[in-house]
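For reference, the structure is listed below as structure tokens.
Read-outs throughout are calculated quantities, based only on the coordinates presented, and are distinct from any laboratory measurement. These numbers come from a predicted model, not from an experiment. Please note: Cβ atoms are built from the backbone with ideal geometry, for glycine as well, and neighbour counts cover all protein chains shown.
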Amino acid sequence: AQKITQTQPGMFVQEKEAVTLDCTYDTSDPSYGLFWYKQPSSGEMIFLIYQGSYDQQNATEGRYSLNFQKARKSANLVISASQLGDSAMYFCAMREGTENQGGKLIFGQGTELSVKP
Amino acid sequence: DAGVTQSPTHLIKTRGQQVTLRCSPISGHKSVSWYQQVLGQGPQFIFQYYEKEERGRGNFPDRFSARQFPNYSSELNVNALLLGDSALYLCASTYFWGETEAFFGQGTRLTVV
């Protein structure tokens, strides 16, 4: 069964430093997509970055990059130059199948990131 | 442009009652998905609708139902509420049913007492 595992319930990082949030996944489908979302205390899920299973290069979006290691089934999020506003819950999610097969997302348990001044 | 809007933002209901949650997708988006997020956990998929048809259903009891209207807005209904239904209910919209990026609303926080 498809599964997303985030093993870090909470993380602390000093402002302006980089931080890595871990995510491993399990699927038997050769086509899948991996996502990271940020959830502030307001509750809204904010899309950060996407990696397709066939993408050759790691995805990057501004200060966010996804360290995709397919053989290890890991999709870690790297946030560079942390800012106080980065303090939030972070969720890793997976969509099985191609984009034409629907958009059901499977989420991990989340990692709470706290950025210290 | 307005994002995904959900109403109400907060709701308190008594066990056994019924509740209806509403979602308006981003203008032009044709697909709406519903997720339940219990405190301390990640969201769980409930339903996906595209062009007014159900395209996916998660592992939830028949007390949960949904529909999508011609203007692509959606309602989630939960009957015979249980204490365990207390959660943040999130709505997500995409233009197509399987796009890479889903836009979420701020959610409806339901408390069942």
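Screening the candidates B:Ser74, B:Ser65 for the property of being free of Cβ contacts under 8 Å to residues at least 24 places away in the same chain and within 20 Å of B:Arg109 (Cα to Cα) yields one hit, B:Ser65. Filtering region A:1-25 to residues that are in a loop (DSSP other than H, G, I, E, B) and closer than 20 Å to B:Ala92 by Cβ leaves A:Gln2, A:Gln6, A:Cys23.
One residue stands out in region B:23-57 among those that are at negative phi and touching a Pro at 6+ places or on another chain (Cβ under 8 Å): the one that is surrounded by the most Cβ atoms within 10 Å (Cβ to Cβ), namely B:Val32. Residue count for region B:12-43 under the criterion of being within 14 Å of another protein chain (Cβ to nearest Cβ) and closer than 17 Å to B:Leu88 by Cα: the result is 14. Within the option set A:Ala75, A:Ala93, being within 13 Å of chain B (Cβ to nearest Cβ) and either assigned to a strand (DSSP E or B) or basic (Lys, Arg) (or both) holds for one residue only, A:Ala93. Filtering region A:28-42 to residues that are out of contact with any Gly (no Cβ under 7 Å at 6 or more places or on another chain), of a type outside the set (S, T, N, Q) and surrounded by fewer than 19 Cβ atoms within 10 Å (Cβ to Cβ) leaves A:Pro30, A:Pro40.
Looking only at region A:26-47, residues that are charged (D, E, K, R), outside any loop (DSSP other than H, G, I, E, B) and more than 11 Å from every other protein chain (Cβ to nearest Cβ) come to 1 in all.
Among the conditions (1) in contact (Cβ under 8 Å) with a residue 60 or more places away in the chain; (2) within 11 Å of chain B (Cβ to nearest Cβ); (3) part of a loop (DSSP other than H, G, I, E, B); (4) touching a strand residue (DSSP E or B) at 6+ places or on another chain (Cβ under 7 Å), A:Gln109 misses just one, which is (4).
State whether one or more residues within region A:41-51 are free of Cβ contacts under 8 Å to residues at least 40 places away in the same chain and more than 18 Å from B:Thr94 (Cβ to Cβ). Yes, because at least one residue in region A:41-51 is free of Cβ contacts under 8 Å to residues at least 40 places away in the same chain and more than 18 Å from B:Thr94 (Cβ to Cβ). Across region B:58-69, the number of residues qualifying as exposed (fewer than 14 other Cβ atoms within 10 Å of the Cβ) and within 14 Å of another protein chain (Cβ to nearest Cβ) comes to 1. Looking across region B:70-113, just one residue is of a type in the set (Phe, Trp, Tyr), under 16 Å from A:Ala93 (Cβ atoms) and either buried (at least 21 other Cβ atoms within 10 Å of the Cβ) or away from chain A (no Cβ under 11 Å) (or both), and that is B:Phe104.
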